[in-house]
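Notes for the one structure printed next.
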Number of protein chains: 2
Amino acid sequence: MITVEDYEQAAKSLAKALVIREKYARLAYHRFPRTTAQYLGHWRADAAPLEEGLPDFHPPPLPQEDPYCLDDAPRNLGFLVRMQGGILYVYDNTKMLECQEPHSLPYPDLETYTVDMSHILALITHGPTKTYCHRRLNFLESKFSLHEMLNEMAEFKELKSNPHRDFYNVRKVDTHIHAAACMNQKHLLRFIKHTYQTEPDRTVAEKWGRKITLRQVFDSLHMDPYDLTVDSLDVHAGRQTFHRFDKFNSKYNPVGASELRDLYLKTENYLGGEYFARMVKEVAQELEESKYQYSEPRLSIYGCSPEEWSNLARWFIQHKVYSPNMRWIIQVPRIYDIFRSKKLLPSFGKMLENIFLPLFEATINPQDHRELHLFLRYVTGFDSVDDESKHSDHMFSDKSPSPDVWTSEQNPPYSYYLYYMYANIMVLNNLRRERGLSTFLFRPHCGESGSITHLVSAFLTADNISHGLLLKKSPVLQYLYYLAQIPIAMSPLSNNSLFLEYSKNPLREFLHKGLHVSLSTDDPMQFHYTKEALMEEYAIAAQVWKLSTCDLCEIARNSVLQSGLSHQEKQKFLGQNYYKEGPEGNDIRKTNVAQIRMAFRYETLCNELSFLSDAMKSEEITALTK
Amino acid sequence: MITVEDYEQAAKSLAKALVIREKYARLAYHRFPRTTAQYLGHWRADAAPLEEGLPDFHPPPLPQEDPYCLDDAPRNLGFLVRMQGGILYVYDNTKMLECQEPHSLPYPDLETYTVDMSHILALITHGPTKTYCHRRLNFLESKFSLHEMLNEMAEFKELKSNPHRDFYNVRKVDTHIHAAACMNQKHLLRFIKHTYQTEPDRTVAEKWGRKITLRQVFDSLHMDPYDLTVDSLDVHAGRQTFHRFDKFNSKYNPVGASELRDLYLKTENYLGGEYFARMVKEVAQELEESKYQYSEPRLSIYGCSPEEWSNLARWFIQHKVYSPNMRWIIQVPRIYDIFRSKKLLPSFGKMLENIFLPLFEATINPQDHRELHLFLRYVTGFDSVDDESKHSDHMFSDKSPSPDVWTSEQNPPYSYYLYYMYANIMVLNNLRRERGLSTFLFRPHCGESGSITHLVSAFLTADNISHGLLLKKSPVLQYLYYLAQIPIAMSPLSNNSLFLEYSKNPLREFLHKGLHVSLSTDDPMQFHYTKEALMEEYAIAAQVWKLSTCDLCEIARNSVLQSGLSHQEKQKFLGQNYYKEGPEGNDIRKTNVAQIRMAFRYETLCNELSFLSDAMKSEEITALTK
């Protein structure tokens, strides 16, 4: 039997978990909802204005400005950077380095982290807390059903009388998409045929010192591009990829040939990634024409060499890849084991250094890293990617070997990757904030498959996540993600091909309960059929789940909030006060979300949070009367 | 218990039903599969070549030809036409008319029809036959599963090695779409705004002798088109239309205003239907650009006045609505009761006369009806439309009042409408065939809702049907539709908004069993979100049901076969021998359907048919040995 005391205890533990997340969020300039902070008693009227807590993204250059201008790099601070235990420390000068006194920035503390982590881990298996969360979630779902029955027509009436704005002209951001698969299969096919028609004799590769023309590439594959079809291209995920992430990954090779992947879908190759850049720019062109669609494509940094960043920045600037409708995310594949076994890396620490040191250097001395400094204006976050279902034997704790001594061929576990990514991003963000530079969000893939403990790691370290399917299986985590309003970029069509049938996808249920979900495409090349992948995603969700216009516009609004678009753009797309929570943050003339819906969401969240603050107060009262 | 004799009896009854359908099909120049005819013993080697049994559609004009040329009308035959008992009879001259000797054409015989009808009606409720069909259908489904497990990879390999052809460049026909809803909601919205911007002061209507400008129309509705959105337009079907066909019909009124429907979506109004024509042409333009998509929009003839046909033909020619990617179908709404109650019609017979007499006159004397004669080149069939779930008290039999004495305000039942439509089309087709003119197919809406007996009427009278959902509920009819390979144009997104949730739609199951299904949009304005409604339909089916490329291309091939495209076009789109059944009729280079799939379908059908012919033979043997 579950007692009132049990429930009070559950509420207190949940509040503690939220306080923990809040701490990690503040440290890294991640977002935490003020409403939740208020109920946790962590907000005072004299606190800094709301805007200041927002992450810092560069506004896009003005129409008259050159987006590739390398002139305005700030001066060199002359700081030194050294990696210790997988984390980069900043020193003001050699003297400080010698006496090991780093520059005053918050540095993470692994011991505290593992204690915090174990609190959440204990919570998600604690019986009474599970029951408590399960009941609250059921309540949230029923409450939305009731809201729908009562207010559906009133919501639609609000939207009908809202001039000029409808689902088609509200802004939508594709919050999770991989650049190497951002074009659809037909587009890639057309592009390959076009290059072959227009420049068959161009040298496109070099092998063992021999220059190879495009014609020779296709000749060696025994293939005439005229005959090529989307079937022979074979990049689309079919029934064969379900629960086979390995097969899925090989779908990135057109016609199963890694030569073509290198030539068409990579930023580093003989052509300096020209073909890939041209295709990405065609996709950007379509977004700009659609006017209301934005996208946040992921580009890879592998951490195999310290040159990767400057190469990527050069690719970006040389091919003029900037688009006002795109903002970039850097994805880091969790494939240390592959590099280690090929002897490309001595330790996991080196990988982290390759990923982060160039960023610290470009932040400290932008004048010597002008291209990277410029490119980082358009990068707004980091993603961590790979097959989550791969099991790891290692259990991350404060006894785990630190990255500089992680030299085995074994891959570190998910939580280890996430901690060290977060820790370095956090230090970097604080350093950049100090200089008045933009900060980054950590937005890992999480909860697509594998262990639900991944969602615990992300609860502490991530601003927002992609997928989150496994929240379905943990009521405690699902409820915590709700209370902390952690944004989740969901891609039901991708899941449908890989991990979960469309009809079983929890998106609709999450949306109804009030979780902060958006819709994203993941990989249009592999999953979508039409020219407009994001619209296909919305259309199918709308059709299969019979979503209302208000539902669709709420998802679109979430996607803009969740994105790395700048404060200025969000004000333009969502309204002046978009950063305020509840109905006052909504401008229906821009979002087409009914105020009735916004009020319902806000009151519902406040009601849930009030249980937590009541439980905390009763503890204080108990303490006083004792 | 069911005995072997029961089964034999069932097989024989099914064979008889097929023989009946074959008879009706031949009379009307409808299609009946030769394979089925062969197994029924109705085909001899010395029969006419296969091509001659095909329906006759005009090939599209050559690029150098004028599609609106009125010159080549054949001479006047001078025949006379009179309606008797709801059917038009043709007489060679006044003398023949006086002695009541009609021109030698097959005329339908109501008594035979009702006997045939009652055979099928008895069959669908006959226990052993139901069991037999149920088992055969289960077998067909399991057999396909097995085929899929065994041959899926082989099919895909065939497609991968098929040069130049993939799902994107196989021809697809939207086999069921209403012209008044053929644009999507965003398109209609854009068009309305555009007209208001460019010609606000144009006179667009006349009311009580007063001319009304476009601005005045919107003023009287208290509406500024700039503020108009898809929400306020409110033509999209939402959750409110499920099982509410009445609400759905009102969605044809933009902003709920019938004035706007008249102005923008009608062929007859003050502007001569100019706005509607312009929108239809924009849709046609998009199809032509897509190159591989065709559509068969429905235009209405109500039968309220004999002028409707000439007005429609004039609209078509005056606004130059012809497109090589469109072929037209005439829909006749089953709303005699509404016209009768408004005293617009004296009897049901008059309605039939208004619908068919102009066609007979234009066929007999094209020179005096040049416009209609020309328009009919591009018309390939008739549809019968309305809410099937409306119940009728009347039971059609040979005792029913004939159309000329059907003067009550009661609407005739579905089967009555179908019989008289079929009968007149049949006579008309025979007359036109005699003159070497094109014939028409009867392609009614059937089995969307209401009584399953509708499917019995269509089994006799229709070349193919739209919807067919209710075949789900009658194993006997489903099996008969399979054996006779009656094409079914299915619109799962339409059903999802009106009658049946997407996941419960039987399309996938029908496809697997081998029924001749195609995909169609019905009403893009009400149901679809993206610019490419037909692709949206295919994409959602592919995603939700995980259809393979071979499945999709099989559906696309079916859609071309089912359509009113001419023999020449079908040869171009499907292959020289498209009209042959089985793998020899398939040209994979054009259809991208694997020969393995074609062979499976053909062998499976032959196997099912062989049971029927065995049963018939055993009857002969029994007869001989007795």
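Quick one: count up the residues across segment B:97-120 that are without any contact (Cβ under 8 Å) to a residue 12 or more places away in the chain and part of a helix (DSSP H, G or I).
So in segment B:97-120, the residues without any contact (Cβ under 8 Å) to a residue 12 or more places away in the chain come out as B:98-101, B:104, B:109, B:112, B:115, B:118.
Within this subset, residues satisfying the condition of being part of a helix (DSSP H, G or I) are B:98, B:112, B:115, B:118.
Here the count works out to 4.
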Select from segment B:203-223 the residues that are among the basic types (K, R) and either touching a Cys at 6+ places or on another chain (Cβ under 6 Å) or surrounded by 13 or more Cβ atoms within 10 Å (Cβ to Cβ) (or both) and list them in ascending order. B:R215
Condition met for A:K266 (surrounded by fewer than 20 Cβ atoms within 10 Å (Cβ to Cβ), modelled with pLDDT of 95 or more and of a type in the set (D, E, K, R)): yes
Taking segment B:101-128, which residues are polar (S, T, N, Q), surrounded by 12 or more Cβ atoms within 10 Å (Cβ to Cβ) and within 19 Å of B:V427 (Cβ to Cβ)? B:T112, B:T114
Going through segment B:167-219 one residue at a time, which ones are among the acidic types (D, E), closer than 17 Å to B:G273 by Cα and in contact with a helix residue (DSSP H, G or I) (Cβ under 9 Å, 6 or more places away or on another chain)? B:E199
Could you run through segment B:506-551 and say how many residues are farther than 30 Å from B:K157 by Cβ and either more than 10 Å from chain A (Cβ to nearest Cβ) or part of a helix (DSSP H, G or I) (or both)? 9
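Tell me which residues, restricted to segment B:496-505, are surrounded by 24 or more Cβ atoms within 10 Å (Cβ to Cβ) and either at the interface with chain A (Cβ under 10 Å from one of its Cβ atoms) or within 24 Å of B:V280 (Cα to Cα) (or both).
Filtering segment B:496-505 for residues surrounded by 24 or more Cβ atoms within 10 Å (Cβ to Cβ) gives B:497-498.
Hit for segment B:496-505 is B:S497, nothing else.
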Search result, residues across segment B:491-505 that are of a type in the set (G, A, S) and assigned to a helix (DSSP H, G or I): B:S494, B:S497, B:S503
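Looking at this structure, is A:S142 polar (S, T, N, Q) and modelled with pLDDT of 95 or more? Write out each step before concluding.
Values: polar (S, T, N, Q): yes; modelled with pLDDT of 95 or more: yes.
In short, yes.
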Only one of these conditions is not met by B:Y226: (1) touching a residue at least 12 places away in the same chain (Cβ under 8 Å); (2) surrounded by 15 or more Cβ atoms within 10 Å (Cβ to Cβ); (3) in contact with a helix residue (DSSP H, G or I) (Cβ under 8 Å, 6 or more places away or on another chain). Which number is it? (2)
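What number of residues within segment B:562-589 are farther than 22 Å from B:H58 by Cβ, in a helix (DSSP H, G or I) and touching a residue at least 40 places away in the same chain (Cβ under 8 Å)? I'd like the intermediate steps shown before the answer.
First pass over segment B:562-589, keeping only residues farther than 22 Å from B:H58 by Cβ: B:580-589.
Add one more test, that the residue is in a helix (DSSP H, G or I), and what stays is B:583-585, B:588-589.
This time we only want the ones that are touching a residue at least 40 places away in the same chain (Cβ under 8 Å), so: B:588-589.
So the answer is 2.
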Lone unmet requirement of (1) within 28 Å of B:T241 (Cβ to Cβ); (2) surrounded by 22 or more Cβ atoms within 10 Å (Cβ to Cβ) for B:K390: (2)
Search segment A:176-201 for residues being surrounded by 15 or more Cβ atoms within 10 Å (Cβ to Cβ), not in a helix (DSSP H, G or I) and not polar (S, T, N, Q), and hand back the single one that is nearest to the other protein chains (Cβ to nearest Cβ). A:M183
Does B:S142 satisfy the criteria of being polar (S, T, N, Q) and farther than 30 Å from B:L493 by Cα? no
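Taking into account only those residues within segment B:1-58 that are in contact with a Pro (Cβ under 6 Å, 6 or more places away or on another chain) and either modelled with pLDDT under 80 or more than 29 Å from B:V379 (Cβ to Cβ) (or both), which is surrounded by the most Cβ atoms within 10 Å (Cβ to Cβ)?
B:A10
Just checking, which of B:L460, B:L431, B:L470, B:L418 is assigned to a helix (DSSP H, G or I), more than 27 Å from B:G349 (Cβ to Cβ) and not hydroxyl-bearing (S, T, Y)?
On the way: B:L460 fails: more than 27 Å from B:G349 (Cβ to Cβ); B:L431 fails: more than 27 Å from B:G349 (Cβ to Cβ); B:L418 fails: more than 27 Å from B:G349 (Cβ to Cβ).
Only one candidate qualifies: B:L470.
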Please determine whether any residue of segment B:204-220 is more than 10 Å from chain A (Cβ to nearest Cβ), more than 26 Å from A:K590 (Cβ to Cβ), charged (D, E, K, R) and under 30 Å from the mean Cα position of the chain (by Cα). no
So how many residues does segment B:141-175 have that are buried (at least 17 other Cβ atoms within 10 Å of the Cβ), away from chain A (no Cβ under 13 Å) and of a type in the set (A, V, I, L, M)? 1
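If the requirement is being surrounded by 22 or more Cβ atoms within 10 Å (Cβ to Cβ), more than 12 Å from every other protein chain (Cβ to nearest Cβ) and hydrophobic (A, V, I, L, M, F, W, C), which of these qualifies: A:L493, A:L477? Give the derivation first.
Values: A:L493 fails: more than 12 Å from every other protein chain (Cβ to nearest Cβ).
Going through A:L493, A:L477 in turn, just one is surrounded by 22 or more Cβ atoms within 10 Å (Cβ to Cβ), more than 12 Å from every other protein chain (Cβ to nearest Cβ) and hydrophobic (A, V, I, L, M, F, W, C): A:L477.
Matching residues to (1) in contact with a strand residue (DSSP E or B) (Cβ under 7 Å, 6 or more places away or on another chain); (2) not charged (D, E, K, R):
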residue	(1), (2)
B:G272	no, yes
B:K281	no, no
B:E289	no, no
B:E296	yes, no
B:L299	yes, yes
B:A313	no, yes
B:R334	yes, no
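The values are calculated or read from the model by the stated rules, or taken from the named source; none is laboratory data. These figures come from a predicted structure and were not determined experimentally. Reconstructed Cβ throughout: ideal geometry from the backbone, glycine too, with neighbour counts over all protein chains shown.
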